[in-house]
Amino acid sequence: MKEQTLILIKPDGLKKSLTGNVLTRLSETKLDIVAAKIVKVSRKLAETHYRHMKKKPFYEELIRYIMGEYHKRKVMAMVYWGDGAISKVREICGSTDPEEADAVSIRGAYGRITTKGVYENVIHASTNREEAEREIKLWFEPDEIIVDAYPTKIAETARHKKRVWI
Ligand code: UDP
Ligand code: MG
């Protein structure tokens with residue numbers, strides 16, 4: 001079954017110039033990349049993304065990490081699409097803990113644990129379909145994805161203020 005998954009190259013990955021390496025590894029999956037952008041992560045976006053981690057002792061450090069306070073203030077967000085996308089990508093990412101991750105996985109090869117105990121593990125990938133749907137809808141607008149990832153509707157947004165080019 002075709003499915004989609006959210007991938008983030010986290011700020012440590014961008015700081016360490018690992019984008020090319022990560023994309024090369026991900027291309028082994030033969031999945032389709034259907035959305036990509038560079039994002040400056042706000043606190044609100046960081047907290048919404050990691051809302052399930054709120055009770056963890058390292059939560060504040062994790063929020064700062066994904067906002068780029070320790071590296072570069074940017075994240076590369078992507079959606080990959082295809083058969084078994086979620087598990088194929090997680091396999092290449094490796095375990096959450098970079099020390100436990102397979103040495104040839106992205107996290108095993110490039111991740112580290114900080115002195116404050118945060119796993120700087122280079123990449124985020126959705127773990128299941130529910131998480132993928134929540135995360136893709138959080139990070140992307142429907143028109144930023146070149147496939148119909150989820151059902152959409154036309155909403156009246158004219159009254160909202162929006163920044164435009166001069
Ligand atoms: N994390 C951490 N220490 C832990 C568990 C998680 O620093 O003991 C961080 C790590 O960056 C991880 C993120 O919190 O990627 C989200 O944790 P989750 O359990 O969802 O792992 P993931 O799905 O990213 O493998
Ligand atoms: Mg997770």
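The values are calculated or read from the model by the stated rules, or taken from the named source; none is laboratory data. Every value quoted in this text rests on a predicted model; they were computed, and no experiment measured them. What goes into the accessible areas is simple: the full protein's heavy atoms, side chains included, and nothing from ligands, DNA or RNA. Shrake-Rupley method; radii C 1.70, N 1.55, O 1.52, S 1.80 Å.
The figures follow:
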read-out: The chain, accessible surface, carbon-and-sulfur percent (1.4 angstrom probe); value: 51 percent
read-out: Which listed pairs, of K16/K162; K55/K137; K44/K162; K30/K72, have C-alpha distances above 27 Å, in listed order; value: K16/K162; K30/K72
read-out: 19 Å Cα-Cα reach of K88 towards aspartates and glutamates, excluding residues that sit fewer than 8 places from it in its own chain; value: E3, E28, D32, D97, E100, D102, E130, E131, E133, E135
read-out: Most mobile of K88, K153, K54 in a GNM of the chain (Cα contacts under 10 Å); value: K153
read-out: Percentage relative contact order, the chain, counting C-alpha pairs under 8 Å, at least six apart; value: 31 percent
read-out: Solvent-accessible area per residue for the chain (1.4 angstrom probe, square angstrom); value: 62 Å²
read-out: In order through the stretch 154-161: 3J(HN,Hα) via Karplus (6.51 cos²θ - 1.76 cosθ + 1.60), integer Hz, x for Gly, Pro; value: 8, 10, 7, 10, 4, 7, 7, 7
read-out: Whole-number percent relative contact order across the stretch 87-131, with pairs defined as alpha carbons under 8 Å at least 6 apart; value: 33 percent
